[in-house]
Each structure stands twice: as structure tokens, then as C-alpha cells.
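Heads up, the thing below is written out as C-alpha cells.
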Amino acid sequence: MANKTLSGKTALVTGSTSGIGLGIARTLAAEGANVLLNGFGDAGEIAQLQSDLAAEFGVQVSYHNADMSKASQIEAMMSYATEHFGGVDILVNNAGIQHVASVEDFPVEKWDAIIAINLTSAFHTTRLALPRMRANNWGRIINLASVHGLVASAGKSAYVAAKHGLIGLTKTTALETATTGITVNAICPGFVLTPLVQKQVDDRAAKDGISNAEAKQALLADKQPSHEFVTPEELGAMAVFLCSDAARQVRGVAWNMDGGWVAQ
Ligand code: NAD
């Protein structure tokens, strides 16, 4: 295990019971990092996930159920990380939700939830993780933004605002840590076939009266020139690179992995 690149480090991946967060947690564990999982889901399935990851990769895996829309619960999770692991070395701010509606029809409570979970939670975890990272002069903060942090799509006002904001937080935190061993960057995926996107596929199939497979292709054809989904494993590999020594001067970037979406 000692030859793995992230042995001895602890990674907190928010929203890691599903989708991209789970893919990144797995990839970091495969590199030897201990992992603190977070997110919603069935308690039995999460316990199984913990023991499977620990057995497969020989790392410590723990879980905290903090609701990322609640500052007090985020504070409790960060205290838990300190008690159980001594703190967080790698912080992946990944928890996120989506809602699609025009601005004038956007439910106010959905707006508030998207800004809280997709943006404000990263402010809280970052402010609470930085003191230990500064003390160690090493840390990696990776914010899961989106192509929607770089460009907009109609119907996604709260999500686009939150993701643009998250890239702003990324750049600011990168500048404030620029002379240290802490790097702060954002990853901007295009479409990844997770439950978050499956809902958009289902809505498209229902709206256009087409099959699930046709709806996937229609969604991709609209936006993603490769006509293929990005995978959680590919995003995990990018996260591992950002955690590496080779990436120590990568600071404040918003890197898209998007099948060509933003090149258009
Ligand atoms: P997902 O729905 O599969 O997973 C979201 C995770 O966040 C789950 O673990 C869920 O339990 C957790 N979560 C949701 N609300 C939470 C809360 N209040 N507190 C704690 N955990 C909460 O979604 P995903 O597609 O894997 O998305 C992960 C991140 O990647 C999000 O930030 C999303 O915006 C971003 N992203 C996704 C895509 C895509 O195409 N899927 C593209 C670009 C960016």
C-alpha cells in the first residue's frame, strides 16, 4: 500500500453515495486514500458500500450523513473527520442537485436548495478544512462544477448561477493559498449518466414520446459533440491527477471534461 500515491491521506467526498462522487471516492481509495463518504441513501446499502470499498482497497472508509444544505451539519461532519481521521487532506466538493424550469416559474425553495447544496456547502467545507491543510502545508480541494459553470443552458438558472459561483470560489481560494502546498481547482463535466441526468433523460422521453435510448441520444446530440457520456471513472482519474505532485502548479483552473461541449 505504501507505493500508492495517496496512502496516508484522507479524502472527504461530499455526495459520494451515488454517481460522480462515488466514482471519485473509489478512484481515490484505489490510490490508497482513506475516504469519508457523505450523501443520502439506504443505510444498509451505504454500510455495504463502506465495507466493500475498505475490503477492495485496504483503506479506512467512514460515512457521515450531513445534509449539505445545513451549515451546522457540515460543521458536525468536519469535526467527525478530525476525530476519526485527524482531518481532511483532500476535499472534493461534489454534492449537487438539479431542477429545470424557466426563471419566472422557478420554485423559490428549489432555488434556495440548489444554491445551498451546490455552492454554499463548498464555502463551509473549505473554510473548515483549510486550517489543517495550512498547518500541514499540503492539501487538495477539488470542486465539482460543470460545463454549466462556464456556459449556460435555458431552464437551469439556479444550477448555472451556483456553478459559476463555485468557479469563482475556486479561483479566490486558489489565490489565497497560492504560496502554499494547497491547490484548489474545479472540474467541469459535460453529461455523465448518473441519476441526476437520468431524470432529464426520463423527462425528455416523456415530453417527446421517445424511448429511453433515443432520449439519451437526443440529449447528447443537443450539447455534447462526442455523442458519448463522460464517465465517473474518467472524472476520478482527473481528480487523482489534480492530487498528484505533478499538478502542484495547477491552481484556480476550471477544467472541462465534456466531449467537446464548451468548444462549440
Ligand atoms: P447524483 O444525483 O448521482 O449524486 C448526487 C449526490 O449528492 C448523491 O450522493 C446524493 O445523495 C448527494 N446529495 C444530494 N443532496 C444532498 C444533500 N443535501 N446533502 C448531502 N448529500 C446530498 O448526481 P451526480 O450526477 O453524480 O452529480 C454529482 C456532482 O456533479 C453534482 O455537483 C453535479 O452538479 C455535478 N455534475 C454532474 C453532471 C452530470 O452530467 N451528471 C455534469 C456536470 C456536473
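The values are calculated or read from the model by the stated rules, or taken from the named source; none is laboratory data. The structure displayed is predicted, hence computed values, not measured ones. Cβ coordinates were reconstructed from backbone atoms using ideal geometry, including for glycine residues, and neighbour counts include every protein chain displayed.
Among the residues of the range 139-147, is any part of a helix (DSSP H, G or I), within 22 Å of A237 (Cα to Cα) and within 16 Å of the ligand (Cβ to nearest atom)?
Just the residues of the range 139-147 that are part of a helix (DSSP H, G or I), to begin with: 147.
Those still in the list that are within 22 Å of A237 (Cα to Cα) too: 147.
Retained after the next criterion (residues that are within 16 Å of the ligand (Cβ to nearest atom)): 147.
Yes - at least one qualifying residue is present in the range 139-147.
In the set (1) closer than 20 Å to L6 by Cβ; (2) touching a residue at least 40 places away in the same chain (Cβ under 8 Å), the condition left unmet by L49 is number (2).
Determine whether S79 is small (G, A, S) and away from the ligand (no atom under 11 Å from the Cβ). So S79 passes the test.
A count restricted to the range 201-249 and to residues that are small (G, A, S), part of a helix (DSSP H, G or I), within 21 Å of the chain's Cα centre (by Cα) and away from the ligand (no atom under 15 Å from the Cβ) stands at 2.
Taking the range 160-170 as the range and being buried (at least 24 other Cβ atoms within 10 Å of the Cβ) and within 11 Å of the ligand (Cβ to nearest atom) as the test, the residues that pass are A162, K163, L166. Checked against the criterion of being of a type in the set (V, I, T) and within 16 Å of the chain's Cα centre (by Cα), the candidates T125, T179 yield just one match: T125. Against the criterion of being among the β-branched types (V, I, T) and touching a Lys or Arg at 6+ places or on another chain (Cβ under 7 Å), T170 does not qualify. Only one entry in A206, A218, A213 is surrounded by 14 or more Cβ atoms within 10 Å (Cβ to Cβ) and among the hydrophobic types (A, V, I, L, M, F, W, C), namely A218.
A Cβ distance below 7 Å, combined with a sequence gap of six or more or placement on separate chains, defines the contacts here; from the range 103-114, residues that are at pLDDT 95 or above reach residues that are of a type in the set (V, I, T) in the pairs A113/I97; I114/I97.
In the range 18-46, the qualifying residues are those that are in contact (Cβ under 8 Å) with a residue 40 or more places away in the chain and not in a helix (DSSP H, G or I), and the one that is surrounded by the fewest Cβ atoms within 10 Å (Cβ to Cβ) is S18.
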